[in-house]
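The block underneath contains the structure these notes are about, expressed in structure tokens.
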Amino acid sequence: MTSQPLTSQQLQRARDIASLIRLWEAGMPTVAVPEMAQWELWFDIHRNDFGVIVYGSEECLRLYNQRRGLMDQDHAIRHSSRVMNCYSRDRARRKKSGEDFPLNRLTKNLAEAIGQPALAGIGLSESMYWRCQKRALAISQGRIPAPN
């Protein structure tokens, strides 16, 4: 068997995992460090985003301190994973909602919902876009009369 030289990405991941293990050991001395496969899985799931994994680990450390050290490894791994998943999802949602601004186009459906079909396709600022969304919601809920 020949040993393949490590790529720079693999070297960086190994350094990142080593630093995360030191963080885990320093912050939660009574909880066993997750296996290497768990760290690799977290990196694969979160597309090598070191910040997401650090955030999840730090939130787990915070919970560990709140509970005064009463935590087992399974609970720590599950809590870290949940925090990482929620954080990634929230970051993706924030990025997606603002990707077209400062100008976004008024869609035909939204223009019809607020009673302004002639304005479909015009550029909107982010605040105006959200005002149109709120107005459409109020019309659909019956709080504002529908335009003729």
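Test I17 against the stated conditions and say whether it is of a type in the set (A, V, I, L, M), open to solvent by less than 80 Å² (accessible area, probe 1.4 Å) and modelled with pLDDT of 90 or more. Break it down into steps so the answer makes sense when it comes.
Values: of a type in the set (A, V, I, L, M): yes; open to solvent by less than 80 Å² (accessible area, probe 1.4 Å): yes; modelled with pLDDT of 90 or more: yes.
For I17, the condition - of a type in the set (A, V, I, L, M), open to solvent by less than 80 Å² (accessible area, probe 1.4 Å) and modelled with pLDDT of 90 or more - is met.
Of all residues in region 129-148, how many are of a type in the set (A, V, I, L, M, F, W, C), part of a helix (DSSP H, G or I) and within 11 Å of A113 (Cβ to Cβ)? Walk me through it before giving the result.
So in region 129-148, the residues of a type in the set (A, V, I, L, M, F, W, C) come out as 130, 132, 136-139, 144, 146.
Then keep just the ones that are part of a helix (DSSP H, G or I); that gives 130, 132, 136-139.
Restricting the remaining residues to those that are within 11 Å of A113 (Cβ to Cβ) gives 132, 136-139.
Summing the residues that are of a type in the set (A, V, I, L, M, F, W, C), part of a helix (DSSP H, G or I) and within 11 Å of A113 (Cβ to Cβ) in region 129-148 gives 5.
Can you tell me which residue in region 33-90 is farthest from Q12 (Cα to Cα), limited to those that are of a type in the set (G, A, S) and surrounded by 14 or more Cβ atoms within 10 Å (Cβ to Cβ)? It would help to see each step written out before you state the result.
So in region 33-90, the residues of a type in the set (G, A, S) come out as 37, 51, 56-57, 69, 76, 80-81, 88.
Still in the list and also surrounded by 14 or more Cβ atoms within 10 Å (Cβ to Cβ): 56-57, 76, 80-81, 88.
Details: G56: 19, S57: 18, A76: 25, S80: 21, S81: 21, S88: 21 Å.
The extreme case among them is A76.
Please identify the pairs in which a residue from region 70-83 that is closer than 12 Å to M28 by Cα and of a type in the set (S, T, Y) has its Cβ atom under 6 Å from the Cβ atom of a residue that is modelled with pLDDT under 95 and buried (at least 18 other Cβ atoms within 10 Å of the Cβ), counting only partners at least 6 apart or on another chain.
Close Cβ pairs satisfying both conditions: none exist.
The values are calculated or read from the model by the stated rules, or taken from the named source; none is laboratory data. Model, not experiment: these values are computed from the prediction. Here the Cβ is made from the backbone with ideal geometry for all residues, glycine too, and neighbour counts use every protein chain on show. Only protein heavy atoms, including side chains, enter the accessible area calculation; ligands, DNA and RNA are left aside. Shrake-Rupley method; radii C 1.70, N 1.55, O 1.52, S 1.80 Å.
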